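Following: one structure in structure tokens, then a few remarks.
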Amino acid sequence: MVYIARLLVFVMLLITQFVPREDVSSLGVLDVLNISITWLEPEYQVTSLYNGVISFRYTPNSRFGLMDARGNIIIEPIYNFPLVFSNGLASVFVDEKIGYINTSGEVVIDFFYDWGVSFNEGFAAVGTALDDD
């Protein structure tokens, strides 16, 4: 019986996501376990979800950051590209070099590489440019 009640509440909350609201954007984050919804301010655009954290684009400065499911900012929107996490890490550019950060915003692999891709099964391809000298 509890499961049916939770399912009904879930469906009702899901439907409310699509009801336009003037005070916030029509985009929200639904927490199924706690049967709650966090409405995001209009200037935040979700780019991806990963283990309860949300990568977002902040429209006033067109930069990307990270927030938790309650809308609390974890990483300020300072990055030029979306934070896409894989194996707990996201590649980010700083001063034209790639490094990797975790979901707390801590640098795990320093900004050394000229290019790199997302981790897959514990590995990521990275590289540096060859000098013409």
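Every read-out reported here was derived from the displayed coordinates using simple, explicitly stated rules and does not represent laboratory data. Worth saying up front: this structure is predicted, and the values here are computed from it rather than measured. FYI the Cβ positions are ideal-geometry reconstructions off the backbone, even for glycines, and counts take in every protein chain you see.
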Taking first residues from the stretch 86-103 that are of a type in the set (S, T, Y) and second residues anywhere that are surrounded by fewer than 15 Cβ atoms within 10 Å (Cβ to Cβ), the pairs with Cβ under 6 Å that are 6 or more apart or on different chains are S86/S118; Y100/V108
Tally up the residues in the stretch 51-81 that are surrounded by fewer than 19 Cβ atoms within 10 Å (Cβ to Cβ) and either of a type in the set (S, T, Y) or assigned to a loop (DSSP other than H, G, I, E, B) (or both), please.
13
Filter the stretch 83-133 for residues that are assigned to a loop (DSSP other than H, G, I, E, B), exposed (fewer than 12 other Cβ atoms within 10 Å of the Cβ) and not polar (S, T, N, Q) and give the result.
D95, E96, E106, E121, G122, A125, A129, L130, D131, D132, D133
